[in-house]
Amino acid sequence: MNVIIGEVRDGGGIPQGDVLVAFAEAVVGGDEDRLTAARAAVVDALGTDALVDACAVASMFNAIDRVADSTGVPIDEDRLAPTADFRESLGITAFPSGRGGG
Amino acid sequence: MAELNYDDAPFAVRGDLAVVHGDTWDRLASPGTWLDAETRVAIAAEVRAVKDCVLCRARKEALSPYGVDGVHDTSGALPDNIVDVVHRVVSDPARLMKKWYDDCLAGGTTEEEYVEIIGVVCSTVAVDTFAHAAGLPLRKLPAPKPGAPSRQRPPNAKQGPAWVPWIGADDAEGDDIPRFGPPGSNVRRALSLVPAEAHGFMEMNEIHYLNGVQMRDFSTDYRAITRAQIELVAGRVSAINQCAY
């Protein structure tokens with residue numbers, strides 16, 4: 001989980017995880033040179049079909065995050081308790097969008 | 001059908017992605033439930049204008065985005081209340097506040113219009129981010145179609161724990177039970193005040209990410225990247241976006 005919040009850079013033991021994390025960061029990062037390099041690294045490591053699927057996942061979550069944030073939907077009740085500890089330990093509850101209605 | 005393809009890509013793009021993006025463009029170009037097609041396409045164009053907005057950049061860099069006043073750099077086709085929703089949702093979604101949403105309603109945007117705006121914005125963000133990520137030019141926006149909004153609010157939508165009213169898990173009826181009922185997650189219900197937007201957006205989600213059956217099946221790889229790799233990409237994007245959901 002530390003890979004997801006950017007504290008660890010090794011891909012978390014997931015094959016080519018470091019390449020995919022770098023790509024995800026570049027997609028939402030705003031640096032075109034970095035994105036070009038990250039895209040090429042995904043193609044080199046995993047191929048073009050994998051690049052397309054990584055693009056699809058990254059783009060959908062870039063959108064669905066905005067649906068959640070702009071409509072104020074709460075985390076599903078059945079997921080609250082099982083995820084409470086790691087959300088707290090990773091600092092996710094401190095995200096602005098997690099601090100409630102404000 | 002709005003024309004959208006990836007024939008210009010230097011690699012093969014999955015056919016179902018091109019189809020769902022074409023469907024999304026077609027939905028965007030059609031009269032909505034509360035907004036006409038001209039407004040919907042103008043909202044999509046406004047999404048693209050946000051990257052050049054000086055006010056949005058200043059707000060993004062500020063300790064609080066609500067302490068920075070100014071005027072958005074806009075394409076000029078939309079009223080100010082819609083422009084502000086589009087720009088804030090695109091540029092700084094993690095710091096949207098319930099009070100800001102309430103102010104939107106007090107400023108004349110109805111809750112139904114707000115939800116439809118969010119649906120159009122986020123659908124555009126998905127298609128545009130895909131092209132950007134893949135290194136392709138943004139797809140040409142579709143031409144708006146004539147016609148009037150249907151203006152039908154689902155009678156079973158009511159205020160729940162979200163900011164916006166929705167069709168709650170226990171209030172879903174008929175075909176909407178699998179979509180908004182108990183099996184579904186809250187984010188699937190988020191746009192359910194305007195069911196056409198909710199359905200269209202979640203259909204896109206099933207092609208980009210996984211459908212419900214695929215999500216519960218951890219033993220099969222449905223994509224060219226593994227489930228662990230999918231969740232890694234999804235989680236890292238959401239963490240950078242500081243999305244607590």
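The values are calculated or read from the model by the stated rules, or taken from the named source; none is laboratory data. Small disclaimer: the values here were computed from a predicted structure and weren't measured. Positions of Cβ are generated from backbone atoms using ideal geometry, with glycine treated the same way; all protein chains shown enter the neighbour counts.
How many residues are modelled with pLDDT of 95 or more, within 18 Å of the chain's Cα centre (by Cα), under 28 Å from B:Lys99 (Cβ atoms) and part of a loop (DSSP other than H, G, I, E, B) when one looks only at the stretch B:135-186?
Matching residues across the stretch B:135-186 total 5.
Output the residues belonging to the stretch B:190-226 that are acidic (Asp, Glu) and farther than 27 Å from B:Leu28 by Cα.
Listed by number, the residues that qualify are B:Asp217, B:Asp221.
If you take the residues in the stretch B:1-21 that are small (Gly, Ala, Ser) and more than 20 Å from the chain's Cα centre (by Cα), which one is farthest from B:Pro146 (Cα to Cα)?
B:Ala12
Of all residues in the stretch B:185-208, which are more than 20 Å from B:Val120 (Cβ to Cβ) and surrounded by fewer than 21 Cβ atoms within 10 Å (Cβ to Cβ)?
B:Ser185
When you check B:Glu111 against the structure, is it over 15 Å from the mean Cα position of the chain (by Cα) and exposed (fewer than 14 other Cβ atoms within 10 Å of the Cβ), yes or no?
no
Examine the stretch B:40-47 for a residue that is surrounded by fewer than 21 Cβ atoms within 10 Å (Cβ to Cβ) and either in a loop (DSSP other than H, G, I, E, B) or among the small types (Gly, Ala, Ser) (or both), and state whether such a residue exists.
Yes, some residue in the stretch B:40-47 is surrounded by fewer than 21 Cβ atoms within 10 Å (Cβ to Cβ) and either in a loop (DSSP other than H, G, I, E, B) or among the small types (Gly, Ala, Ser) (or both).
Take the residues in the stretch B:213-244 that are assigned to a loop (DSSP other than H, G, I, E, B) and of a type in the set (A, V, I, L, M, F, W, C), then tell me which one is farthest from the chain's Cα centre (by Cα).
This residue is B:Phe218.
Among the listed residues B:Val50, B:Val20, B:Val86, which satisfies the condition of being within 12 Å of chain A (Cβ to nearest Cβ), in contact with an Asp or Glu (Cβ under 6 Å, 6 or more places away or on another chain) and in contact (Cβ under 8 Å) with a residue 24 or more places away in the chain?
Exactly one of B:Val50, B:Val20, B:Val86 is within 12 Å of chain A (Cβ to nearest Cβ), in contact with an Asp or Glu (Cβ under 6 Å, 6 or more places away or on another chain) and in contact (Cβ under 8 Å) with a residue 24 or more places away in the chain, namely B:Val86.
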